[in-house]
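The values are calculated or read from the model by the stated rules, or taken from the named source; none is laboratory data. Because the structure is predicted, anything quoted here is derived from the model rather than measured. Surface areas here come from the heavy atoms of the whole protein model, side chains and all, with no ligands, DNA or RNA. Shrake-Rupley method; radii C 1.70, N 1.55, O 1.52, S 1.80 Å.
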Amino acid sequence: MSPRQLDLIGSSIAHAKSTTALHMNFSPPDEKDTGGLNRGKYILVLAMMFNIWLFSIPTEFRRARFCTDEDVLLHPDKGCTTFGAWREGIAEYYANGGGVKFDFSIEGKE
C-alpha cells in the first residue's frame, strides 16, 4: 500500500474512534434510568396531552399566528392575533359550552 492509502485508512480509523463517543451512555453503571428515558416520559405525556387538546379546539384557534399588539394594528391583513386575544377567545369558546370536537382537517377555512 502506498503511504497515501495508509494515511487515509489511519484518518478514517481516527474519525471512527471520535464518533463512537456519540453512541456512548454517560449514565453511571448502577443507574436504571439509561439516558433519562424514565424522566422523559412525563414530558412526553404532557406534550401528547397538549397535542390532543390542540386538535380538540376549533381550527381558527389552532391555526392562529401570534404577533405583537403593534403588528396587529399595523398589518391587519396578516391575520395574526396577540396571545391575550387568543387566550380570551379560548376562554369564551369554553364559556359558551365549547366541548371537545376533534377536527383533523388540513384545508383552509371555508
Solvent-accessible surface ranking, highest first, for 90, 43, 52 at 1.4 angstrom: 43, 52, 90
Long-range HN-HN contacts of residue 81 with modeled amide H, under 5 Å: 65, 66, 67
Fraction of accessible area attributable to carbon and sulfur, the range 41-106 (%, probe 1.4 Å): 66 percent
